[in-house]
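Derivation of every value follows stated rules applied to the coordinates shown; laboratory data play no part. Remember, it's a predicted structure, so these values are computed and weren't measured experimentally. Here the Cβ positions follow ideal geometry from the backbone for every residue, glycine too, while neighbour counts run over all protein chains shown.
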Amino acid sequence: LALNHETTHSQEASRTLALLRAKALRLTGRLDEALSDIKQLNATVRHGETPRDFLAELRIVEASCLWRLNQVDAAILALKRVREELLGGPDGLLLVSCAYELSSALLFAGAHAAARHMCLEAIVSARRVGAPLYEALALENLHRLERSKCRWIAAREAGADAYAIQSSAGRRLSMGTVSSGLGIVAWKTGRLAEARELGTRALGDLVEIRG
């Protein structure tokens, strides 16, 4: 029994490390490698024995790679299925990440109304569970959506909220991206001095990353 327990624990640790590697590959843009790792992981999991949360996270990471590789329909279908399963339980980080990735995939697919709905769901869930990173990311998506519809006030509010969170965490890339978007909003609404200031701020954030 002790040997079986140790073997099971070792297998779980190996799967966890493999999933962390896949997530790291996805975050660095090595999407094909991430999917290759996920495929190998899928071959090792046993439904009914592997923890439900692990399986859900694995599918979310896989779908997040798929929509970035233009396999957006498959990603949306997978994320919708995971979301339906997670909605049966309490709010948690997995539901937040699933809602965010689904909003991103829907935005990429041009399904703006559905994407906006998922952005708002992700924002609310992120606030409930205390996940400011996902809140900021969902706010960035909302900022893009509102900007695309020329809803300038809403776009400005979402962008400003996203920037505040990203700034407090020192995430320069997101800060630069949001500042650029806010600069466009300022320009479109005739606030040219503010647009220039935001453009300069965006450039400063992005240059600092390169440095």
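In this simple spin-label approximation, A109 and K188 carry label points 7 Å from Cα along the Cα→Cβ vector, and these lie 2.4 nm apart. Mind checking which lysines have their C-alpha under 30 Å from K188, skipping anything on the same chain fewer than 8 residues away? The reachable lysines, counting only those whose Cα sits under 30 Å from K188, are K149. How far, in degrees from 0 to 90, does helix 31-44 lean away from the longest principal axis of the Cα atoms of the chain, to the nearest 10? For 31-44 against the chain, the angle is about 30 degrees. Extension gain for N42 to L77 (0.36 nm times residue separation, less C-alpha to C-alpha distance): 10.8 nm. For the chain, the longest principal axis of the C-alpha atoms and the axis of helix 192-210 are separated by about 40°.
The angle between the Cα long axis of helix 93-109 and the main principal axis of the chain comes to about 60°, on a 0 to 90 degree scale.
Our helix-only sum for the chain, with -39,500 (n - 2.57) per DSSP H run of n ≥ 4 divided by its residues, gives a mean residue ellipticity at 222 nm of -28500 deg cm²/dmol. Taking every alpha-carbon pair under 8 Å whose residues sit at least 6 apart, the chain reaches a relative contact order of 10 percent. The ratio of the alpha-carbon radius of gyration of the chain to the globular-protein estimate 2.2 N^0.38 Å is 1.15.
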